[in-house]
Amino acid sequence: MPTPAGSSVDPIIARELTEPSYTLLHYSEDDKYPSQELATRTWKVVKELPEEVVFETTLAAPYNITIRKTFTLNKTDYHVGMKLSFTGIEGVRQSEPRGRTSLRYQIVGARGLPIEGEWYTGTFHNALVGWKTPYGYGKRDIQMSKQIVVEHGGIKIEPQGNTFTYAAVVTQFFSSALCIDPDADEADRKNWWAYVRPTREDNLDIPADKAQLGDITVRAVSNPLDPTPGQTITHSYWLYNGPTKVRLLKQLNLLEGNKKDYKTDAPLVDRYVNDVTLFTLTDAPTPNWFGRLADSIFWTSLVVWFTNLMHDVLGLLHGIVGVWGLNVIMLTVLVRLLLMLPSRRQQASMMKLQDKMASLKPEIDKITEKHKDNPALLQQEKTRLMLSSGVNPLSSMGGCLLMFAQMPIFMGLYFCLQESIFFRLDNFLWIKNLAAPDMLLWWTEAIPWVNAASDMGGMVYVGPYLNVLPIIAVTLMFINMKVSSPPPTDEQQEMQQKMMKYMMFFMGFMFYKMAAGMCIYFIVSTSWGLTERYLLKKKQKRLAEEKANQPVSTVVQQVAPPAPPKPTGMIGRFKDKLMERMEELQKQADTQRQIVNNPQTQQSRPNDKKKNKKKRK
């Protein structure tokens, strides 16, 4: 678009600022590329009201069609209504050159959506296409901007018996979607679009390692239309522009008090979520083998349920204390309180294992020195020693299973903090944006690979700011790992623990550009775990001192220690069965070793072989 006369705006900037979205293009059934005529011509305004405006134009032969675009906007809606009407012109003679031909149209989707933060975000432009299956289930396809930019276009999505519902361009917090009006006849709208394809929308020379920064859109192409003279074919759409997590629109009613201008229509939000299937913008499995596997075992549904629950609880907490930074702390504490019982059991189990392994370390060192040339026998002897000393080698498995059982809750909290639009540009302490790194100090862009703008996206690139919260979070994680790891019993375990320490260093790079809200969660959660462990250790030390100070008579009267309680629950029974199986295998190994080490058994073997030979003869 040319720069207006007398304007000082750079042409490239003017193009970026004025590039339109949701333009209408057309082509005939035989054309490969659409004509730009409808996008560049001036349309006639035939109706103009505060909440409605109607534009009209005519395509002459060979189409002979009048096109109307009607835009509507209600105060509480998060979409603009767009109705396309195609009317055949009366009195056109079929004997005209080329006669009449059918028309196909193309709607160009949203363009130029801003990226939240080029140097720290992990979510750029994504192209999403949604549909309903014949059974009414909402599904989606997602394609990343990097792939679309590098390949100069995405993969064409065809209906294949499904019914398209939307085509959207999505960033981390905002979405702009072309949605088929759910009020239209279902049998009719099923045939509106022939396909949808994401396309690259810039002609800039973008390096391959910066391809994710390129602009993209989605293009919906219709099936052929051929209205007879006087006949009108109407396709109506909703142009949704709002949060990617659509259900958060309901929380605006709570956050803005009684201001009617900010009220959202809850039934309309439900229609966005369910009828238009915009819930699939966030609450859907990734369309790859791992996403399909997680969906088949209902893991995705479980995580989505907990994520939405965390959003609801976070909104309620904000109604009590209107500071989002404090709400993150309150939500984290609430989740840790709910998980305190299983967490304490896990901590107690790990501490007990640490104490027992520390007491057995001298004997394990002797066994290691004795059988260092025989790894198989070394492992058998270590297992026998642990079983005879009452140490369950599978006790650490219980902690892993317990952590796995808690993962849907923690993942729900994680995605909640990643999706919440209310953190965006919200202040807390020195933090200017809870949805971005805390950015305490600017430390320039002069260090190559580390913070130079040309190295953005590199493996060791951390950005131009000093972020304190990630450093605190990773330091606490390192301390937690160090105090919770049992002492190594061999060189292999010692090497594994060293590798974990090195991994914490690389985690520092991964966490360094993490949003401040997420860092607050990790700091509070890890601090809670360390405090819980400290208090539990203090309690165990006090109980041990009380037991040591008991009178001798009381100790003498104790006949025998009570039998340990039988394990309860699925995890406990599973561990018990594995323990029994290990004991049985250990006994078999001991018996086999005694047979091998018995000289009489070894001498009898040749005679047995001779007897067997005689029998064969």
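Please treat every number below as a calculation from the coordinates, not as lab data. Bear in mind the structure is a predicted one, so any value in this text is a computation, not a measurement. No Cβ is skipped: glycine too gets one built from the backbone with ideal geometry, and neighbour counts run over all protein chains shown.
For segment 405-457 versus segment 65-87, the inter-centroid distance based on Cα atoms is 39 Å. Local charge for Leu84 was computed over the other residues whose Cβ lies under 12 Å away, with Lys and Arg +1 and Asp and Glu -1, and equals +1.
Considering all C-alpha pairs of segment 130-273, those separated by over 24 Å amount to 44%.
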